[in-house]
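The values are calculated or read from the model by the stated rules, or taken from the named source; none is laboratory data. Everything quoted here is computed from the prediction, not taken from an experiment. As a convention, Cβ positions derive from the backbone with ideal geometry for all residues, glycine included, and neighbour counts pool all protein chains shown.
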Amino acid sequence: MPDWQWWQRGVVYQIYPRSFQDTNGDGIGDLRGICERLDYLVWLGVDAIWISPIYPSPMADFGYDIADYCNVDPIFGTLGDFDRLIAEAHGRGLKVILDFVPNHTSDQHPWFRESRSSRTSPKRDWYIWRDPKPDGSPPNNWISNFGGPAWEWDEATGQYYYHAFLKEQPDLNWRNPEVRAAMHDVLRFWLRRSVDGFRVDVIWHLMKDPEFRDNPPNPGFQPGRPEIDRLLQIHSTDQPDVHEIIAGMRRVLEEFEDRVLIGEIYLPIERLVAYYGQDLAGAHLPFNFQLIHTAWNVRELSTLIDEYEAALPEGGWPNWVLGNHDQPRIAARVGAAQARVAAMLLLTLRGTPTMYYGDEIGLAKVEIPDDAVQDPWEKNEPGLGLGRDPERTPMQWDSSPHAGFTTGKPWLPLSPTYAECNVERMRSDPRSILSLYRRLLALRRERKALSVGSYRSIGVFGTAFAYERTLGAERLIVVLNLTHEPHLVDLSSQGRLRRVLSTCLDGEGDLVEGTLDLRGDEGVILESVG
């Protein structure tokens, strides 16, 4: 398939490195652990791994507070371990994508230590410093994404610095060309180590309103929601000149061959698609999180898919995500039965799918006792259910103590169901959700219509909806029932069809003429047979 890039036809698998595989018994996953599990990922059938931050960090936000962009935290290993991981992954045909966190550093980064040393520091303008208002209060009303004010007073220099997240995560000033040059060099450092691309953290945050105007109140704010929702983030995010910054990153990647730039963007569709950039010179894949936030019903989902397809710029490649390290797991949101239907949806829509580790075994919400909470957001705003620990718990490999993840005490608790919900057990069960994921991934490779074919909506049929994937003479139809109740779907207008794969993992090869009898919680892939 010479006309399609690897990141268009492939499937990305996100690894949260603290929770994937521990090899030294400290209860925290590491790079050697990822190496040990590469054969599993090849068996599963994914094409690329995206690894959340592994850089040296005080771990105030578990690696998203970086103290050195060009090294590996000893918790995870060494640069040598990283180089070995790249070599072994590439040797198995797997691409490696790194997390890049350019919006902010740790307050322990040498750049920030120099910046806060004095108002005349050469790096003072590398961060966002502002004088207080006449009454001594912060420069504006901006709120931290983790609650509380987004400005921290620095007594020594008599100014506030801005932090969109924790006070230990000061924001860089991307209006400073020296910052841009330094961060471009960071990208080159890893690209020269053969990294295949980057997922860019909070890419829509990088530029702020140059006048630092107050954000307006959110008229739809409801009590019980996180404090950040109290204001509309009009001036603190999604500024027009952010696209110039992204285009600059893209130019750096184009100095190297066959790399991908993915942007984390939590925005409505009409604003999200702007991040493809002028003439597609922005992110190759602005992350589309709509499946995470849309209500799980046939009308909402079918409308969302059609609206997203219609909004894409010409030549823009779609992408889909069901979950990640910041969002409740799909099985926790829709239940175990519908998680199977969700897997079929993710892996049959047009565009690049990103899977999240553990979803393939149906890992759901893991309750975290109060004394085991790690997430700083949960600690800052307790009682609102904002904690991200439940979706970051260790991968469950087998039924041995600590689920084969570690010989020590895991940094977060395991699911109490790990003796049944684990890779080893499900791998030998032909009807498990793991077997379903593997079958879907294999079918996606075999049937090119599923990976790079066109998309066309067929319609909504009560509690089910259907769409078509076509490439050349190959035509596949996907029908998904989003309820627990059986449903008859009239497909008489679609010609003679044959079952290729069901989420129930049976009935393969059965002919369908006229009406499809869908069971509750069933998705089916059909092929045209004339």
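Listed values, structure above:
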item: The range 92-108: number of residues that are surrounded by 24 or more Cβ atoms within 10 Å (Cβ to Cβ) and either of a type in the set (Phe, Trp, Tyr) or over 30 Å from Gln5 (Cα atoms) (or both); result: 4
item: Qualifying residues in the range 462-475 (those that are at negative phi and in contact (Cβ under 8 Å) with a residue 60 or more places away in the chain) - the one surrounded by the fewest Cβ atoms within 10 Å (Cβ to Cβ); result: Thr463
item: Residue that is out of contact with any Leu (no Cβ under 7 Å at 6 or more places or on another chain), assigned by TED's automatic domain parsing to the domain that holds Arg388 and more than 19 Å from Leu267 (Cβ to Cβ), where the choices are Arg329, Arg333; result: Arg333
item: Within the range 211-232, tally of residues that are in a loop (DSSP other than H, G, I, E, B) and touching a residue at least 40 places away in the same chain (Cβ under 8 Å); result: 7
item: Selected residue (criterion: surrounded by the fewest Cβ atoms within 10 Å (Cβ to Cβ)) from residues of the range 488-525 that are without any contact (Cβ under 8 Å) to a residue 60 or more places away in the chain and either among the hydroxyl-bearing types (Ser, Thr, Tyr) or not assigned by TED's automatic domain parsing to the domain that holds Ser457 (or both); result: Ser493
item: Selection count where residues are farther than 18 Å from Gly282 by Cα and in a loop (DSSP other than H, G, I, E, B), scope the range 167-201; result: 10
item: Exclusive hit being within 19 Å of the chain's Cα centre (by Cα), surrounded by 14 or more Cβ atoms within 10 Å (Cβ to Cβ), farther than 17 Å from Trp204 by Cβ and modelled with pLDDT of 95 or more, set Leu304, Leu253, Leu280, Leu285; result: Leu304
item: The listed residue being among the acidic types (Asp, Glu), more than 19 Å from the chain's Cα centre (by Cα) and more than 15 Å from Arg175 (Cβ to Cβ), out of Glu264, Glu270; result: Glu270
item: Residue within the range 13-33 that is assigned to a strand (DSSP E or B), touching a strand residue (DSSP E or B) at 6+ places or on another chain (Cβ under 6 Å) and β-branched (Val, Ile, Thr) present; result: yes
item: Test: residue in the range 202-210 that is surrounded by fewer than 20 Cβ atoms within 10 Å (Cβ to Cβ), touching a residue at least 40 places away in the same chain (Cβ under 8 Å), part of a loop (DSSP other than H, G, I, E, B) and touching a helix residue (DSSP H, G or I) at 6+ places or on another chain (Cβ under 9 Å); result: no
item: Whichever residue in the range 421-431 is assigned to a loop (DSSP other than H, G, I, E, B) and touching a residue at least 12 places away in the same chain (Cβ under 8 Å) and, among such residues, is nearest to Arg340 (Cα to Cα); result: Arg431
item: Filter result for Thr406 (assigned to a loop (DSSP other than H, G, I, E, B) and either among the hydrophobic types (A, V, I, L, M, F, W, C) or in contact with an Asp or Glu (Cβ under 8 Å, 6 or more places away or on another chain) (or both)); result: yes
item: Test: residue in the range 356-373 that is touching a strand residue (DSSP E or B) at 6+ places or on another chain (Cβ under 6 Å), within 17 Å of Leu450 (Cβ to Cβ) and not small (Gly, Ala, Ser); result: no
item: Conditions (1) surrounded by 16 or more Cβ atoms within 10 Å (Cβ to Cβ); (2) closer than 20 Å to Pro122 by Cα: number failed by Asp196; result: (2)
item: Test set (1) surrounded by 14 or more Cβ atoms within 10 Å (Cβ to Cβ); (2) assigned by TED's automatic domain parsing to the domain that holds Asp229 - Pro74 fails condition number; result: (1)
item: The range 134-191, residues that are touching a strand residue (DSSP E or B) at 6+ places or on another chain (Cβ under 8 Å), within 26 Å of Cys70 (Cα to Cα) and not aliphatic (A, V, I, L, M); result: Tyr161, Tyr162, His163, Phe165, Lys167, Gln169, Pro170, Asp171, Asn173, Trp190
item: Qualifying residue in the range 311-330 (condition: more than 24 Å from Asp375 (Cα to Cα) and of a type in the set (A, V, I, L, M)); result: yes
item: In the range 376-394, residue surrounded by the fewest Cβ atoms within 10 Å (Cβ to Cβ) [restricted to those that are touching a residue at least 40 places away in the same chain (Cβ under 8 Å) and not in a helix (DSSP H, G or I)]; result: Leu384
item: Test: residue in the range 108-129 that is part of a strand (DSSP E or B), touching a residue at least 12 places away in the same chain (Cβ under 8 Å) and of a type in the set (Ser, Thr, Tyr); result: yes
item: Residue ID - surrounded by the fewest Cβ atoms within 10 Å (Cβ to Cβ), chosen from residues in the range 46-71 that are of a type in the set (Val, Ile, Thr) and in a loop (DSSP other than H, G, I, E, B); result: Val46
